[in-house]
1. Using modelled amide H (1.01 Å from N, peptide plane; none on Pro or chain starts), what sits under 5 Å from the amide H of Y37, excluding residues fewer than 5 places away?
2. For the chain, with a Gaussian network of springs between Cα atoms less than 10 Å apart, report the residue from G47, G109, G176 with the top mean-square fluctuation.
3. I'd like to check one number: the per residue accessible area of the chain, probe 1.4 Å, reported in Å² as a whole number.
4. With θ set to phi - 60° and the Karplus curve 6.51 cos²θ - 1.76 cosθ + 1.60, what are the ³J(HN,Hα) couplings of the range 178-195 in order, to the nearest whole Hz, using x for Gly and Pro?
5. Report ³J(HN,Hα) in whole Hz for each residue of the range 144-154, in order, from the Karplus equation J = 6.51 cos²θ - 1.76 cosθ + 1.60 where θ = phi - 60°; Gly and Pro get x.
6. From the Cα trace of the range 86-135, what convex hull volume per residue do you get, rounded to a whole Å³?
7. What span do the alpha-carbon atoms of the chain cover on each of the three principal axes, reported in whole Å from largest to smallest?
8. What longest range of the chain stays clear of loop-exposed trypsin sites (Lys or Arg not before Pro) (DSSP non-H/G/I/E/B, at most 16 other C-beta within 10 angstrom)?
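The values are calculated or read from the model by the stated rules, or taken from the named source; none is laboratory data. None of these values were measured; they are calculated from a predicted model. In this analysis, Cβ positions are derived from the backbone assuming ideal geometry, glycine residues included, and neighbour counts consider all displayed protein chains. What goes into the accessible areas is simple: the full protein's heavy atoms, side chains included, and nothing from ligands, DNA or RNA. Shrake-Rupley method; radii C 1.70, N 1.55, O 1.52, S 1.80 Å.
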Amino acid sequence: MAALVPLDIAEGTVRDRVRNALRAAIISGELAPGELYPAGALGSLLGVSATPVREAMFDLMHEGLVAVHPNKGFRITPISESQLDAVAAVRMLIEPPAVADAVPLVPAGDFDRLRALVSPITDAAAAGDLVSYLEADRVFHLTLLEYLANPHLIAVVSRLRAQTRLGGLSRLSSSGLLVDSAAEHGQLLNLLQRRDA
C-alpha cells in the first residue's frame, strides 16, 4: 500500500481526519475494491493507532464504502457501473439545485476564502495527485452547501459524492481531463460571484 493522504490537509478530530484520508484513498483507488485491510496496518500508514481507523471505517461503512469483517479488517466495497449510474442520478437530483439555492446566500466577503479553496484542487490535478484532489474537491463543494445551513443535506451529498467518484477519477486523470475538470471549479466560482445560478 502506498502512503495515504497526509492527515494535516484535513480538518477536525483525529477520527474525522482519518475518515477523510481513508475515504479519499478508497475513492481514488489507492485502497482497492474487494481488498481486505487490517485497521492496524492502515493506522501505521497514517501514523495513528488502530482505534481511530476502526472508528473511521465504521463511519465509512455507513457511507457504503466498506464492509466490516470482525477480527480481520475492512473490505473495500466494489461498486458496479449500474450502481454508479443510480447513485449519480440521485446526486444530480440533489446537488445542483442545492448549489443554485446557495448562490444568493454567499456573502460578497467570502469569495476570497472560496477562491483559496480552488487552488489546492487545481494544484493536485496538475500534479496528478488523486487523493489530495479528492479531499480538496470535497472541501470546496461541501463548503458551498454550508451556506444552506442544512447538515443533513451536507451529509447526504457527501455520501453520494463519495460513491459517484468510485472508479471514474483515475480514468479522468489518465485521460488528461482532470486538469480541465479542476479548472471548472474556478468557472463555477465566477458564476457564483456573478450570482448566476
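1. F74, R75, I76
2. Comparing G47, G109, G176 in a Gaussian network model of the chain, the most mobile one is G109.
3. On the way: 9550 Å² over 197 residues.
Ligands and nucleic acids excluded, the result is 48 Å² per residue.
4. Result, rounded to whole Hz: 5, 5, 5, 4, 5, 5, 5, 5, x, 5, 4, 5, 4, 4, 4, 5, 7, 6.
5. So the J values, rounded to whole Hz, are 4, 6, 4, 5, 7, 6, 10, x, 5, 4, 4.
6. On the way: hull volume 4.5 nm³, N = 50.
Value for the range 86-135: 90 Å³ per residue.
7. 53, 35, 35
8. Details: sites that count: K72, R194, R195.
Looking at the chain, 73-193 is the longest stretch - no exposed trypsin sites (Lys or Arg not before Pro) with at most 16 other Cβ atoms within 10 Å.
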